[in-house]
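The values are calculated or read from the model by the stated rules, or taken from the named source; none is laboratory data. Just so it is clear, the structure is predicted and the values come from calculations on it, not from any experiment. As a convention, Cβ positions derive from the backbone with ideal geometry for all residues, glycine included, and neighbour counts pool all protein chains shown. Please note that ligands, DNA and RNA were not included when accessible areas were found on the heavy atoms of the full protein model with its side chains. Shrake-Rupley method; radii C 1.70, N 1.55, O 1.52, S 1.80 Å.
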Amino acid sequence: MSSQPKRYTVTAALPYTNGPIHIGHLAGVYVPADIYVRYLRLRKKDVAFICGSDEHGVAIAIKAKKEGKTPQEVIDHYDQIIRKAFDGFGISFDNYSRTSRAIHHQTAGEIFKQLDEQDQFLVKETEQLYDPEANTFLADRFVIGTCPVCQNTEAYGDQCESCGSSLNATDLIKPKSTLSGSIPEFKKTKHWFLPLDQHEAFIEEWILKGHKKDWKPNVYGQVKSWIDNGLQARAVTRDLDWGIPVPVEGGAGKVLYVWFDAPIGYISSTKEWAQKKNIDWEPYWKSEDTQLVHFIGKDNIVFHCIIFPIILKNTGTYILPENVPANEFLNLEGNKISTSKNWAVWLHEYLEDFPDKQDVLRYVLTANAPETRDNDFTWKEFQTRNNSELVAIFGNFINRVMVLTQKYYDGKVPSLGQLNDADQAALSKLKEFPSLMEKQIEHYHFRAYSQEVMNLARLGNKYLAEQEPWKLIKTDKERVETIMFTALQIAAGLSILSEPLLPFTSRKMMDMLHFNASWEDVSGNNFLLAPGHLLEKPQLLFEKIEEEVIEKQLQKLKNNLAHENEKNDVEEAPKEMISFDDFTKLDLKTGTILEAEKMAKTKKLLVLKVDLGHEQRTIVSGIAESYQAEEVVGKKVTVLTNLQPRTIRGVQSQGMLLMAEDGEGRLIFISPEDDNTPSGLIIS
């Protein structure tokens, strides 16, 4: 890519249409991406802002079966909810497509065939789990069982959502099919694999050497971790009936793996957009003077920084992303957002509960953005930032300027008299803000940019407070004209520079000021508003949010959680019966935790040394989100000692602790009642 891009292709992660979207999605991906593209448009850049619904994959097939619907009915329903939410929050996509459309099937199929013809895949036969009752191979998410790391009994075949461990379906203890409930068996099947290991040198050179200084540390670090652990060949096909059919010989009954076809959705969506505009799509994906940027959450880093770039490179014609500014996760009221527990703030519900307050949430999420680490959204902070910043600083300044101008000059911009030092300083400071904000936005520091927006409003408030035009109007009307003229220039500049962050508010301000301008105009030599320019009537931009409104939202979260817990209590089916002989195979013993430490670079794992009386063992347990390492030392525990050892991040785990989980997801030790119970006693 050239140092001065001719055009920008900006993509935002395709939301998965098996449910609505929540504030975590908005904070992590869509508001940052929208700020970036709105800024580029204000700079008069050629931009294609691309997104669309991700509509294939096993999760959608599962949801369809569970709800008694077809996959098409499921994706149609959630596609509409998601589109309305994006539109409601002003996410300004140039094109929002769907991966179920013919143009995407064609594009993904062509790329697959090209790579197949170039022998870029390994085709091999492997053993996979098969459901004999449903007569079908089981994708990873159609298999559940007990996690060998944290003993979560509802772990999926690809990942345990309790401890975060990456799994294979064959790692699960007592796996069973979610389709029929039967115990699966192994059966051979053929699949196409992308040999990622053959491209380690490319990724190392391109990212680890080429982007060490300009990519976010969290993105760079995750890529480095994958490379350090060694890349492995990854299947790009699945035995499913929902998805894009494998378009080569031998592919009958198979579809493209969703993480092969989904990123290609950016390309097919760009094609669709170009067709509507009657322009050529290829420069936006194949020209070296185009800057490609992917906005994603951290759970998608491997796909956008390793798998998709390898696919693009192997075609021989596509450009690579210049940056992938992935964010971390947003938590909610101290807990991880959970769609299954309905512990979330859904965007479509927020729009109903807080009409005309889209910019409040955009601002709060950006001011507290999880740019380098997980951050927490609380309704109290939402209220505080609205009342103390948007109302008391931003809104107060604009309201003062508009009301005083209406009162003193019938809504016309007053004449400019002699500028004193305070006026000159304020106007000079205003002209510095565009370049300051440019650096922050172009380096993807959107949180810092949001604070500079507020600092510009503070500049206006401070200037008015120090000049006190409401006092001078009685003794020096000519001086007040210059003060109000200066304050109006700051207000006009704020209306432009805040537009990427607060588009609805910016539009109201520009309507009140009765003008429009570009980013460069703020730092230009001319004034933004000329003397005699007629303004519209003032209107309030923000309003105070009262305590009862916040309490209602907090109660709503509690009610949601309670409802889901009750539903799960009712719906949870009893596990299959086992024989006494099966039970006697379990070697359960009492133990005492002697040492505990957090496993590096993980959130949920503790490495424990456990005394079993006659021996000591190392056990890796996924309990770190419920307990600190220091508080479990000395704890009496129950240990399954004859579990097959498993190496986790280089540490061999030699057993499993027995734990229970309460209604709020906290793990509880299953411990002997007597704290003096010796270690090593057999439980029978």
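Taking amide H atoms as placed 1.01 Å from N in the peptide plane, list the residues 5 or more away in sequence, or in a different chain, whose amide H sits under 5 Å from that of Gly417.
Long-range HN contacts for Gly417: Thr482.
How about Lys212: which lysines have a C-alpha closer than 29 Å to its C-alpha, ignoring those fewer than 8 places off in the same chain?
Straight-line reach from Lys212, under 29 Å: Lys6, Lys45, Lys224, Lys286, Lys298, Lys313, Lys439, Lys598, Lys601, Lys603, Lys604.
First check a/c for the range 292-434, with a ≥ b ≥ c the square roots of the eigenvalues of its C-alpha gyration tensor; if it is under 1.5, answer rounded, and if not, answer prolate when a/b is larger than b/c or oblate otherwise. Can you show the working numbers first?
Numbers: a/c = 3.01, a/b = 1.61, b/c = 1.87.
Because a/c hits 1.5 or more and a/b fails to exceed b/c, the range 292-434 counts as oblate.
From the Cα gyration tensor of the range 144-288, with a ≥ b ≥ c the square roots of its eigenvalues, which class applies: rounded if a/c is under 1.5, or else prolate if a/b is larger than b/c, or else oblate? Can you show the working numbers first?
Working: a/c = 2.17, a/b = 1.33, b/c = 1.62.
Judged from the Cα gyration tensor, the range 144-288 comes out oblate (a/c at least 1.5, b/c at or above a/b).
Using the charge dipole of the chain (Lys, Arg: +1 at Cβ; Asp, Glu: -1 at Cβ; taken about the Cα centre), state which of Val123, Ala59, Pro217 has its Cα farthest towards the positive end.
Of the options given, the answer is Pro217.
Using helices alone, I'd like the mean residue ellipticity at 222 nm for the chain: each DSSP H run of four-plus residues gives -39500 (n - 2.57), total over residue count, nearest 500. Walk me through the intermediate numbers first.
Values: 22 runs with 261 residues, N = 684.
-12000 deg cm²/dmol, from helical runs alone.
Using modelled amide H (1.01 Å from N, peptide plane; none on Pro or chain starts), what sits under 5 Å from the amide H of Glu661, excluding residues fewer than 5 places away?
Ile668
So if R0 is 51 Å, what FRET efficiency would Ala233 and Arg458 give, r being the distance between their Cβ atoms, rounded to the nearest 0.05? Please list the in-between numbers first.
Values: r = 55 Å, r/R0 = 1.08.
Taking R0 as 51 Å, the efficiency between Ala233 and Arg458 is 0.40.
Would you please give the residues with an amide H less than 5 Å from that of Trp343, counting only those at least 5 places away or on a separate chain, with H modeled from the backbone geometry?
It is Ser338, by chain and number.
What does the charge dipole of the range 388-451 about its Cα centre add up to, to the nearest 20 debye, if the Cβ of each Lys and Arg holds +1 and the Cβ of each Asp and Glu holds -1?
Numbers: 7 positive and 7 negative charges, 29 e Å.
Dipole size: approximately 140 debye.
Applying a 10 Å radius around every beta-carbon, put 177-185, 255-263 in order of their mean neighbour count, most first. Present the calculation step by step, with values, prior to reporting the outcome.
Details: 177-185: 17.0, 255-263: 24.3.
Ranking the peptides 177-185, 255-263 by packing returns 255-263, 177-185.
Please determine, in degrees from 0 to 90 and to the nearest 10, the orientation of helix 71-88 with respect to the longest principal axis defined by the Cα atoms of the chain, where the helix direction is its Cα long axis.
For 71-88 against the chain, the angle is about 30 degrees.
Using only the alpha-carbon atoms, how far is helix 547-571 inclined from the longest principal axis of the chain? Give it as 0 to 90 degrees, nearest 10.
20 degrees
Heavy atoms of the protein only, probe of 1.4 Å, neighbouring chains included. What is the accessible area of Cys150 in Å², nearest 10?
10 Å²
What are the ³J(HN,Hα) couplings of the range 457-470, residue after residue, when phi is run through the Karplus curve with 6.51, -1.76, 1.60 and θ = phi - 60°? Round to Hz, x for glycine and proline.
My calculation for the range 457-470 gives 5, 4, 4, x, 4, 5, 4, 5, 4, 6, 7, 6, x, 5 Hz in order.
Suppose R0 equals 45 Å; then what is the FRET efficiency for Glu673 and Glu185 from their Cβ-Cβ distance, rounded to the nearest 0.05? Intermediate values should be presented prior to the final figure.
Working: r = 42 Å, r/R0 = 0.93.
Working from the Cβ atoms, E equals 0.60.
Full-extension gain between Lys601 and Asn387, please, as 0.36 nm times their residue separation minus the C-alpha to C-alpha distance.
Stretched out fully, the Lys601 to Asn387 stretch lengthens by 73.3 nm.
With each pseudo-label sitting 7 Å past Cα toward Cβ, what's the Lys544-Glu117 distance in nm, one decimal?
The two pseudo-label positions are separated by 6.9 nm.
Share of antiparallel DSSP beta bridges in the chain, in percent to the nearest 5? Each step should come with its number before you reach the end.
Working: 54 of 74 bridges.
About 75 percent, rounded to the nearest 5.
May I ask you to evaluate 6.51 cos²θ - 1.76 cosθ + 1.60, the Karplus curve with θ = phi - 60°, for each residue of the range 349-362 and list the ³J(HN,Hα) values in order in whole Hz, giving x for glycine and proline?
Coupling constants for the range 349-362: 6, 4, 4, 6, 6, 10, x, 6, 10, 4, 5, 4, 5, 4 Hz.
Under a 1.4 angstrom probe, counting protein chains only, how are Leu459, Leu540, Leu605, Leu534 ranked by accessible area, largest first?
On the way: Leu459 35, Leu540 120, Leu605 5, Leu534 95 Å².
The ranking, largest first, comes out as Leu540, Leu534, Leu459, Leu605.
Taking Cβ-Cβ under 4.7 Å as the only way to count a partner, pick out the unpartnered cysteines of the chain.
Among the cysteines of the chain, those whose Cβ sits 4.7 Å or more from every other are Cys51, Cys305.
For Lys429 and Lys537, compute 0.36 nm times the residue count separating them, minus their Cα-Cα distance, and round to one decimal in nm. Before the final figure, lay out each step's value.
Working: separation 108, 0.36 × 108 = 38.88 nm, distance 2.76 nm.
Fully extending the segment from Lys429 to Lys537 adds 36.1 nm.
Distance in nm between label sites at Gln652 and Lys380, each 7 Å beyond Cα in the beta-carbon direction?
4.8 nm
If a paramagnetic tag sat 7 Å from the Cα of Lys6 along the Cα-Cβ line, which residues of the range 271-292 would have the backbone N under 13 Å from that point?
Within reach of a label on Lys6: 280-291.
Roughly how many debye, to the nearest 20, is the charge dipole of the chain about its Cα centre, given +1 on each Lys and Arg Cβ, -1 on each Asp and Glu Cβ, and no other charges? Mind dumping the intermediate values first?
Working: 79 positive and 97 negative charges, 302 e Å.
Computed charge dipole of the chain: roughly 1460 debye.
Could you give each residue of the range 526-538 its phi-based ³J(HN,Hα) in whole Hz, using Karplus coefficients 6.51, -1.76, 1.60 with θ = phi - 60°, and x for Gly or Pro?
8, 6, 6, 10, 8, x, x, 4, 8, 9, 7, 5, x
If I take R0 = 60 Å and measure r between the Cβ atoms of Asp197 and Ile682 in this structure, what FRET efficiency does the formula 1/(1 + (r/R0)^6) give, to the nearest 0.05? It would help to have the intermediate numbers written out before the result.
Details: r = 46 Å, r/R0 = 0.76.
Given R0 = 60 Å and the Cβ-Cβ separation, E is 0.85.
Of all trypsin sites (Lys or Arg not before Pro) in the range 22-64, which ones are in loop regions per DSSP and have a Cβ with at most 12 other Cβ atoms within 10 Å?
Working: sites: Arg38, Arg41, Arg43, Lys44, Lys45, Lys63; in loops: Arg43, Lys44, Lys45.
Within the range 22-64, the qualifying trypsin sites (Lys or Arg not before Pro) (loop, at most 12 other Cβ atoms within 10 Å) are Lys44.
Does the range 366-465 come out rounded, prolate or oblate by the C-alpha gyration tensor, with a ≥ b ≥ c the root eigenvalues, rounded set by a/c under 1.5 and, if not, prolate when a/b is larger than b/c and oblate if not?
Values: a/c = 3.28, a/b = 1.61, b/c = 2.03.
Here the range 366-465 falls in the oblate category.
Among Thr237, Ile267, Tyr257, flag the residue with its Cα farthest along the positive direction of the charge dipole of the range 202-268, charges on Cβ as +1 for Lys/Arg and -1 for Asp/Glu.
Farthest towards the positive end: Ile267.
Taking the full set of protein chains and a 1.4 angstrom probe, give the accessible area of His563 in square angstrom, rounded to the nearest 10.
110 Å²
Would you rank Ser671, Ser53 by solvent-accessible area, highest first, keeping every protein chain in place and using a 1.4 Å probe?
The ranking, largest first, comes out as Ser671, Ser53.
With angles folded into 0 to 90 degrees, how steeply does helix 503-513 sit against the dominant principal axis of the chain? Use alpha carbons for both and round to 10.
10 degrees
Quick one: how many Å² of Phe504 are accessible to a 1.4 Å probe, rounded to 10?
Looks like 60 Å² after rounding.
Which order do Tyr156, Tyr449, Tyr627 take by accessible area at a 1.4 Å probe, largest first?
Working: Tyr156 70, Tyr449 0, Tyr627 30 Å².
In descending accessible area the options line up as Tyr156, Tyr627, Tyr449.
Share of the chain's accessible area from carbon and sulfur, percent, 1.4 Å?
So the carbon and sulfur contribution to the accessible surface is 47 percent.
With every protein chain kept in place and ligands, DNA and RNA left out, what is the accessible area per residue of the range 224-266? Probe 1.4 Å, answer in Å². List each step's numbers first, then the result.
On the way: 1760 Å² over 43 residues.
Each residue of the range 224-266 exposes 41 Å² on average to a 1.4 Å probe.
Between Thr126 and Thr339, what length in nm is gained on full extension when 0.36 nm per residue of separation is reduced by their alpha carbon distance?
Values: separation 213, 0.36 × 213 = 76.68 nm, distance 3.35 nm.
So the extension gain works out to 73.3 nm.
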